[in-house]
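Below: the structure, in structure tokens.
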Amino acid sequence: MTNETMGSRNVQRSKDAFVEAKKVIPGGVNSPVRAFRAVDGDPLFIERGVGAYLYDIDGNRYIDYMLSWGPLIAGHAHPDVVQAVTSQALYGTSFGAPTEIETKLANEVIKAFPSMDLVRMVNSGTEATMSAIRLARAFTKRQRIVKFAGCYHGHSDGLLIRAGSGVATFGLPDSPGVLPGVAQYTLLVPYNDIHAVKRIFEQFGDEIAAVIVEPVAGNMGMVLPQPDFLPFLRTITKEYGALLIFDEVMTGFRIAYGGAQEAYGIRPDLTTLGKVIGGGLPVGAYGGREEIISMVAPLGSVYQAGTLSGNPLAMAAGLATLTLLQQPGVYDRLSSIATRLAEGFALAAKKYGLDANVVAKGAMFGTFFAKDPITDYTSAQTADTALYARYFHAMLERGVYLAPSQLEAGFVSLAHTDEDVDRTVEAMVEAMEVASQNR
Ligand SMILES: *Cc1c(COP(=O)(O)O)cnc(C)c1O
């Protein structure tokens, strides 16, 4: 019996749908983390989303803190976003020629991220980071990159090394099919470990094109940078002539409107975005200092292209979402919700004598069943995943949808009400009681 069947609510339609899906789709899912393997269960099939709520095809309702893995900061089917997408669709869905709405979204992105002089739209975070790395190598004429264990930068070959979340969940240190010749140019360092970064630069300094980092990590659970970490990365990359790439695919418009770089006051050379800027449609973006980004074709010789890049529907959804985020007080509201959830988790854990570590910043929160503070991938792996799995299913049973793995961040949206948060915190207490008993 899996955890999934222990509950009393009916999920039969989801179970049947999963059987059908597995006949035609690898593992029944189009992205591995959706399969609920890290929590030993079967995924729910979703019929619709409304505001903060998700409805599965059996008609169960959940308060959603996964939000499509981050993009839906306005909540599901926000009327402004739906309106923007449908009115654009009436004009056509793709042209493969420039549209004014691409310039509009680019303008908003550049206003929010002063480190970017120009920005190129792509279709996913994976494309954004892959392209930023290519550009950094071309600009510096160097080959190596530095990445941090537990940071995920999409699934391109050179970045699929100790990549946290889905990859970590499945215990693949890197994937078969990635050539050793590619992987060897990726230098791996523990997150928050200044000394390790220093040693890597002492050894390979003049071969390092770029350091790529999640300025707030969200793919090994949520892990904050220690106060000196990001300033140190800025200093040492400058010193050695390497570029600093902030992968803000998750944190952009979420940790703060201007991302983690605004919150921590650090200006990277290149930035990658995704998730929120697409408002729930497929978008990624990368940009940076003019002398670097102007090497991209057709201005320069670094090739990067896309049939659907800058897709008008996606631009419309992104623009509508950013407009909502520009209202005064939005980020105070989002961060107070995230903080209440993190505190609720910690209090509930305390009540039942469970070890807990929590963080919250901006519209993100992180909850670990772990004794010691989580600072990197090694400490993230000390978290009790079996306990999390029981907690996760007990929360689902109580109508709360969390990420189906402890090594993921939690997300909040403009649609979550105080009442939703109260109900969630109550559910946490009940779920932890259940989870702590069933050992
Ligand atoms: C989600 C994510 C990516 C990959 O984005 P996709 O759109 O899934 O390709 C890259 N970097 C970070 C930090 C992410 O969270």
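If each residue of separation counts as 0.36 nm, what is the full-extension length gain between THR307 and THR378 once their alpha-carbon separation is subtracted?
Full extension of this stretch gives 21.6 nm more.
Annotation: amide H-H contacts under 5 Å for MET220 (H modelled 1.01 Å from N, sequence separation of 5 or more, or interchain): SER165. By a 1.4 Å probe calculation restricted to protein chains, THR86 has an accessible surface near 70 Å², given to the nearest 10.
Run lengths n ≥ 4 of DSSP H only: what is the helix-derived mean residue ellipticity at 222 nm for the chain, with -39500 (n - 2.57) per run over all residues, to the nearest 500? So the calculated ellipticity at 222 nm is -12000 deg cm²/dmol. Rg over Rh for segment 172-222 works out to 0.99, both radii taken from alpha-carbon positions and Rh defined as the Kirkwood radius.
Once the chain from GLN326 to ARG199 is taken as fully extended at 0.36 nm per residue, the excess over their C-alpha distance is 41.5 nm. Summed over the residues of segment 141-265 and divided among them, the accessible surface reaches 37 Å² per residue at a probe radius of 1.4 Å.
Between the amide H of ALA363 and those of ILE255, distances stay under 5 Å, these residues lying 5 or more places away or on another chain, with hydrogens modeled in the peptide plane. In segment 15-55, Cα pairs under 8 Å separated by at least six residues give a relative contact order of 29 percent.
Compute the length gained on full extension between ALA346 and ASP117: take 0.36 nm times their separation in residues and subtract their Cα-Cα distance, giving the result in nm to one decimal.
Numbers: separation 229, 0.36 × 229 = 82.44 nm, distance 4.18 nm.
So the extension gain works out to 78.3 nm.
Roll a 1.4 angstrom probe over the protein heavy atoms and tell me the percent of accessible area of segment 79-325 that is carbon or sulfur. Walk me through the numbers on the way to the answer.
Numbers: 5500 of 9730 Å².
Taking all protein chains in place, segment 79-325 shows 57 percent carbon and sulfur surface.
Each peptide in 255-263, 324-332, 267-275 was scored by the mean count of other Cβ atoms within 10 Å over its residues; highest first, the order is 267-275, 255-263, 324-332. Percent of Cα pairs in segment 225-346 per distance bin of 5 Å, from zero to the largest separation: 2, 10, 15, 18, 19, 16, 11, 7, 2, 1, 0. Axis angle, to the nearest 10 degrees, between helix 312-325 and the longest C-alpha principal axis of the chain: 70 degrees.
Treating the angle as unsigned and between 0 and 90°, give the value, to the nearest 10°, between the Cα long axis of helix 100-112 and the longest Cα principal axis of the chain. Value to nearest ten degrees: 90.
Out of every Cα pair in the chain, what percent are spaced more than 32 Å from each other?
Values: 34233 of 96141 pairs.
So the portion of pairs separated by more than 32 Å is 36 percent.
Report the normalised scattering of segment 288-370 as log10 I(q)/I(0) at q = 0.11, 0.12, 0.26 Å⁻¹, calculated by the Debye formula with identical scatterers on the alpha carbons. Here the Debye-derived log intensity ratios amount to -0.61, -0.68, -1.11. Can you give the % of DSSP beta bridges in the chain that are antiparallel, to the nearest 5? Taking every DSSP beta bridge with both residues in the chain, the antiparallel ones total about 55 percent.
Kindly flag which residue pairs out of LYS141/LYS238; LYS350/LYS371; LYS238/LYS275; LYS198/LYS361; LYS104/LYS275 have an alpha-carbon separation exceeding 20 Å in this structure.
On the way: LYS141/LYS238 15 Å; LYS350/LYS371 12 Å; LYS238/LYS275 29 Å; LYS198/LYS361 28 Å; LYS104/LYS275 18 Å.
Pairs exceeding the cut-off: LYS238/LYS275; LYS198/LYS361.
Take every Cα pair under 8 Å whose residues are at least 6 apart in sequence, average their separation, divide by the length of the chain, and the relative contact order is 22 percent.
Most mobile of PRO114, PRO231, PRO298 per a Gaussian network model of the chain (Cα springs, under 10 Å)? Of PRO114, PRO231, PRO298, the Gaussian network model singles out PRO298 as fluctuating most. With a Förster radius of 35 Å applied to the beta-carbon distance between GLN83 and ILE25, the computed FRET efficiency rounds to 0.65.
Across segment 132-273, the fraction of Cα-Cα pairs farther apart than 21 Å, rounded to a whole number, is 37%. Against the main long axis of the alpha-carbon atoms of the chain, helix 229-240 sits at an angle near 20°. Over segment 79-325, the Kirkwood radius and the radius of gyration, each from Cα atoms, give a ratio Rg/Rh of 0.97. Treating each Cα of segment 116-155 as an identical point scatterer and summing with the Debye formula, the log10 of I(q)/I(0) at q = 0.15, 0.19, 0.20 Å⁻¹ comes to -0.42, -0.66, -0.72.
The values are calculated or read from the model by the stated rules, or taken from the named source; none is laboratory data. Note that the structure is a prediction, hence the values are computed from the model and not measured. Using ideal geometry, Cβ is built from the backbone for each residue, glycine included, and neighbour counts are taken over all protein chains shown. Note: accessible area is taken over every heavy atom of the protein model, side chains too, but ligands, DNA and RNA are not part of it. Shrake-Rupley method; radii C 1.70, N 1.55, O 1.52, S 1.80 Å.
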